[in-house]
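**Q** This is the structure, below, for whatever I ask next.
The values are calculated or read from the model by the stated rules, or taken from the named source; none is laboratory data. As the structure is a prediction and not an experimental result, all values here were calculated from the model. Glycine also receives a Cβ, built like all others from the backbone with ideal geometry; neighbour counts cover every protein chain displayed. Heavy atoms of the whole protein, side chains included, go into the accessibility calculation; ligands, DNA and RNA do not. Shrake-Rupley method; radii C 1.70, N 1.55, O 1.52, S 1.80 Å.
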Amino acid sequence: MFSKQIFLVAIGVVSVTLGGCASYRPAPAAFNEAINKPYMLDAGDRIRLTVFEQEGITNTYSVDQAGYISIPLIGSVPARGKTIQQIEKEVAAKLRKGYLRDPDVAVEIDRYRPVFIMGEVGAAGQYSYVPGMTAQKAIAAAGGFTPRAQQNDVDITRQFNGESLTGRVTISDQVLPGDTIYVRERFF
């Protein structure tokens, strides 16, 4: 009788443990491909636009929630989902239409949109993104792991082609601006 109870408890523990594994989702292939693609602007990014010999236009501009930047003379320019090279070409083309004969335009990222860190970290919240940032570095910025944290891998939610993808990655994997990092609680 006693060994039957132990057996049933063991079966229960195994089923609970395996049940927790059922929610595991490895990162989809497209998830990691995003790291090697050119950076796409989105709301929350800030760019530095330089137009040679045009002090009134040269400035920093933020991408608004609708995905546009507003530039003097030419108005709103769509920026969401575009690279900085595409923005350079579009701004130059708009300036050529009645404002400047041959504009020399340069665009660079002034500030990336933040990453968000949740779960078993010292101080969950929004943190500045730094190029080359890994999940481990982001967690360090958030005060490190709590004593209950699962420290081998994390869940990251990333926007990709207008869709939210969530995948489990190691803490040494790179993160991108706008990513949400979730540190899970360990079982034991």
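**Q** How much area per residue is accessible in segment 45-111 when the probe is 1.4 Å and only protein heavy atoms are counted (Å²)?
**A** Solvent-accessible surface per residue comes out at 59 Å².
**Q** Any chance you could run the full-extension gain for Ala66 through Thr134? It's 0.36 nm times the residue separation minus the Cα-Cα distance, nm to one decimal.
**A** 21.6 nm
**Q** Give the ranking of Phe116, Phe187, Phe52 by solvent-accessible surface, highest area first, calculated with a 1.4 Å probe.
**A** Phe187, Phe52, Phe116
**Q** Now a separate question. With a point put 7 Å past each Cα toward its Cβ, work out how far Phe188 is from Gln86 in nm, to one decimal.
**A** Between Phe188 and Gln86, the simple spin-label model gives 4.9 nm.
**Q** At 1.002 mPa s and 20 °C, plugging the Kirkwood radius over alpha-carbon pairs of segment 45-111 into Stokes-Einstein gives what diffusion coefficient in µm²/s?
**A** Answer from the Stokes-Einstein relation: 182 µm²/s.
**Q** How many percent of the accessible area of segment 45-111 is carbon or sulfur, using a 1.4 Å probe?
**A** 44 percent
**Q** Now for a separate question. Nearest 20 debye, what's the magnitude of the dipole of segment 52-125 about its Cα centre given +1 on Lys and Arg Cβ and -1 on Asp and Glu Cβ?
**A** My answer is approximately 340 debye.
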